[in-house]
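The values are calculated or read from the model by the stated rules, or taken from the named source; none is laboratory data. Because the structure is a prediction, the values reported are computed rather than measured. Counting neighbours? That spans all protein chains shown, and the Cβs are built from the backbone with ideal geometry, glycine included.
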Amino acid sequence: MLRRSLLRRVELPPCDFVPPKHTGLSRAAVAEKRSKVMHPVSFTFYNEPLMVTQGHKQYLFDETGRRYLDLFGGVTTVSVGHAHPRISAAIKDQCDRFNHTTQLYLTEPVTEFCELFASKLPKGHDWVVHPVNSGSEANDFAVLTARVATGNHPIVGLRRGYHGFTENARGLIAVPGWRHNIPAPPGLHHAITPHPYHGVFGQDVDKYVQQLDEMITYETGGKIAAFIAERIQGVGGAGALLPGYLKKAYDVVKAHGGLYISDEVQCGYGRLGTHYWGFETEGIVPDIITSAKSVANGYPVGVVACKREIAEKMRGVSYFNTFGGGGVCMRVATETLRIIDDEGLQANCAVVGPRLIDGMKKLAEKHEIIGDVRGMGCMVGMELVTDRAAKTPAKDQTAKYMDLMKDENILVGKGGPGGNVVRLHPPMCITTADVDAFLAATDKCLAKL
């Protein structure tokens, strides 16, 4: 009976959408072309890479019409679901007007977006917004802004942090496997992460804060431009920083003349369920907020929001972005934020997220390979280990688990320094039935490892 249950595929929740028949290139032809013409820096998941031809809400379809539950959301970019009709309508309407021009002219789409985005930020402050192309560029611009505004140069990040691949953002990466064996720009430093599972000081928040203070004092000369952090470190393995750390770190940063940059590229827009922004969980207000990914449901949009008094220090500083603030991208971003509100997607994350986390913790009681389950709302990680006491990364088993889940028609991501953290960052429209299907499939697939 057990053997039969392991052979039977877990059923996904019903879906009445039928994708159109694929009439393009075969999967083999696409794979061959890709190997010939695409840069080798590009890589794919799975032993047999998936070919995607259609999306619908939280589902993706391959060239045969096979349906998959997408729990990685295009690396945390798809917030309101694939092929949302309101997004498609906004794109068509704007394309019929103009695709792109420049921020050197007055246009309604960019000002409408900036106004809506600012309305989502903490009240009682005068926020200004600058749209760019990506989260990497947003973080690079935030670093420039902090240096100009403070007159200081050092920037402090956290180990396991990931902030993109432009030059300064690349230097702030502190995840093994994502750093290159070439010099990073000067003035970039990393404090020890207050990680609930891997932290060297355990759960003692004050020791991490003390280390941050001492690192700034001894490594920078005592004055910094900014401290940048993610509330949950996505690429670093979905690790939520210990509660209380950011609030105390904020005071340390201010004492050393710095600004606080909150990287909300993956945490923002209600994905955490209880709060719209990650920093809100700590009861603090950043000086600069950076974001991207889910803001435009997968379109290339990054955002930098600053308190006006900081942004004014940049007046007269030369900076230009060719594509930031383009008509189509701004219409998509504006519509995305409206859909999140109109369809109650933050509230949905507050319901499905705990069900997902609680269900995974119950599986951890059954499967010794699960070392840790962590996260908030619809930003969750499951760390697989070969030895719970030593916390030895189960890298190969994680890759096998992903392939087994693909066979069950469920797509997940992975991350962490050891490549052994299953990352679940789905479209925010997933249902409790989707969660239950994932839990059943995970139970089945872990039993096969």
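When the residues of segment 67-95 are narrowed to those that are hydroxyl-bearing (Ser, Thr, Tyr) and part of a loop (DSSP other than H, G, I, E, B), which ends up farthest from residue 413 (Cα to Cα)? Reasoning before the result, please.
Applying the first criterion (hydroxyl-bearing (Ser, Thr, Tyr)) to segment 67-95 yields 68, 76-77, 79, 88.
Cutting the leftovers down to part of a loop (DSSP other than H, G, I, E, B) gives us 77, 79.
Values: 77: 13, 79: 16 Å.
My answer is 79.
Tell me whether segment 320-342 contains one or more residues that are more than 23 Å from residue 113 (Cβ to Cβ) and more than 19 Å from the chain's Cα centre (by Cα). The answer is no; no qualifying residue exists. For residue 284, are the conditions met, namely being of a type in the set (A, V, I, L, M) and either buried (at least 24 other Cβ atoms within 10 Å of the Cβ) or over 22 Å from the mean Cα position of the chain (by Cα) (or both)? No.
Here is a yes/no grid of residues against (1) assigned by TED's automatic domain parsing to the domain that holds residue 222; (2) closer than 19 Å to residue 353 by Cα; (3) of a type outside the set (D, E, K, R):
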residue	(1), (2), (3)
260	yes, no, yes
266	yes, yes, yes
269	yes, yes, yes
273	yes, yes, yes
280	yes, yes, no
289	yes, no, yes
293	yes, no, no
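So how many residues does segment 261-281 have that are surrounded by fewer than 22 Cβ atoms within 10 Å (Cβ to Cβ) and on the phi < 0 side of the Ramachandran plot?
5
Number of residues in segment 288-310 that are under 17 Å from residue 120 (Cβ atoms) and touching a strand residue (DSSP E or B) at 6+ places or on another chain (Cβ under 8 Å) equals 14.
Given the criteria assigned by TED's automatic domain parsing to the domain that holds residue 404, closer than 20 Å to residue 414 by Cβ, aliphatic (A, V, I, L, M) and assigned to a loop (DSSP other than H, G, I, E, B), does residue 18 qualify? Steps first, please.
Working: assigned by TED's automatic domain parsing to the domain that holds residue 404: yes; closer than 20 Å to residue 414 by Cβ: no; aliphatic (A, V, I, L, M): yes; assigned to a loop (DSSP other than H, G, I, E, B): yes.
No; evaluated as a whole, the condition is false for this residue.
Conditions (1) buried (at least 21 other Cβ atoms within 10 Å of the Cβ); (2) free of Cβ contacts under 8 Å to residues at least 60 places away in the same chain; (3) closer than 30 Å to residue 118 by Cα, marked per residue:
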residue: 373; (1), (2), (3): yes, yes, no
residue: 378; (1), (2), (3): yes, no, yes
residue: 388; (1), (2), (3): no, yes, no
residue: 407; (1), (2), (3): no, no, no
residue: 449; (1), (2), (3): no, no, no
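Scanning segment 287-326 for residues being of a type outside the set (A, V, I, L, M), surrounded by 24 or more Cβ atoms within 10 Å (Cβ to Cβ) and part of a loop (DSSP other than H, G, I, E, B) gives a total of 5.
Going through (1) over 18 Å from residue 223 (Cβ atoms); (2) touching a residue at least 40 places away in the same chain (Cβ under 8 Å) one by one, residue 144 falls short only on (1). Under the condition of being farther than 30 Å from residue 352 by Cα and of a type in the set (Gly, Ala, Ser), which residue from segment 14-71 is modelled with the lowest pLDDT? Among them, the one singled out is 42.
Which one is surrounded by the fewest Cβ atoms within 10 Å (Cβ to Cβ) among residues in segment 9-30 that are free of Cβ contacts under 8 Å to residues at least 12 places away in the same chain and over 22 Å from residue 438 (Cα atoms)? Within segment 9-30, the match that is surrounded by the fewest Cβ atoms within 10 Å (Cβ to Cβ) is 23.
Is it true that residue 253 is within 30 Å of residue 430 (Cα to Cα) and touching a Phe, Trp or Tyr at 6+ places or on another chain (Cβ under 6 Å)? Explain how you work it out, then say what you get.
Working: within 30 Å of residue 430 (Cα to Cα): no; touching a Phe, Trp or Tyr at 6+ places or on another chain (Cβ under 6 Å): yes.
So residue 253 fails the test.
For segment 245-266, does any single residue satisfy the condition of being among the hydrophobic types (A, V, I, L, M, F, W, C), part of a loop (DSSP other than H, G, I, E, B), over 12 Å from the mean Cα position of the chain (by Cα) and farther than 30 Å from residue 83 by Cα? Walk me through it before giving the result.
Here is the first cut: in segment 245-266, the residues among the hydrophobic types (A, V, I, L, M, F, W, C) are 246, 249, 252-253, 255, 259, 261, 265.
Among the residues that remain, those that are also part of a loop (DSSP other than H, G, I, E, B) are: 265.
Checking the rest, the ones that are also over 12 Å from the mean Cα position of the chain (by Cα) come to none.
No, that holds for no residue.
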